[in-house]
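All of the numbers you see were taken from the coordinates with simple rules; none came from a lab. Everything numeric in this text was worked out from a predicted model, so none of it was measured. Neighbour counts run over all protein chains shown; Cβ positions are idealised from the backbone, glycine included.
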Amino acid sequence: MSHFKPELIYLPKILDKRGNLSFYEYPGQIPFEIARTYWIYDVPGGEVRGSHAFKKQQEFIVALSGSFDIVLHNGKDEERFSLNRSYYGLYIPKMYWRRLENFSTNSLALIVSDRLYSEADYIRDFEEFKNLKNE
Ligand code: TYD
């Protein structure tokens, strides 16, 4: 299953005096089965991660701690999403150019995807991305 539009997905929030809890599952909250989890952390101030697109991979990204922006480009327009709470995340369909920036100190980006790591799935050239997208 896949969606075609980027979407902020709000997650369940189990409020508790002992500390809150949130979660996501497929198919409950996210639209794909998770094959891989990775995270980005210890990002030096001003650094940018992930300037690329994926041919097939879909992702869901949560700011588990701190904050950062995800800038998505659909080949024509750019849209910025600010993540700064651990109870929602951004779903990114395949074939969106994505850039992560404005990381706060000690921020932690948790990313799940629907496939295993494959360099062959990356598009790292923006012109190539635009050409493929506008075909
Ligand atoms: P990359 O996705 O290019 O990082 P960025 O977030 O800046 O786009 O990944 C950086 C390197 O890490 C890449 O050359 C290969 C390695 N890598 C893995 O081995 N497995 C993974 O799941 C990921 C995401 C990256």
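For this structure, a couple of remarks:
- Counted residues, the range 83-107 - those being more than 20 Å from P6 (Cα to Cα), away from the ligand (no atom under 13 Å from the Cβ) and buried (at least 18 other Cβ atoms within 10 Å of the Cβ): 1
- G75 assigned to a strand (DSSP E or B), surrounded by 14 or more Cβ atoms within 10 Å (Cβ to Cβ) and away from the ligand (no atom under 15 Å from the Cβ): no
- Residues of the range 34-70 classified as crowded, with 18+ Cβ neighbours inside 10 Å and either of a type in the set (A, V, I, L, M, F, W, C) or touching a helix residue (DSSP H, G or I) at 6+ places or on another chain (Cβ under 6 Å) (or both), total: 10
- Matching entry among V112, V43, V48 (being within 30 Å of I14 (Cβ to Cβ), touching a residue at least 40 places away in the same chain (Cβ under 8 Å), touching an Asp or Glu at 6+ places or on another chain (Cβ under 8 Å) and within 12 Å of the ligand (Cβ to nearest atom)): V112
- Filtered residues of the range 12-32 (kept if loosely packed, with under 12 Cβ neighbours inside 10 Å and part of a loop (DSSP other than H, G, I, E, B)): L15, D16, K17, R18, G19, N20, F23, E25, P27, G28
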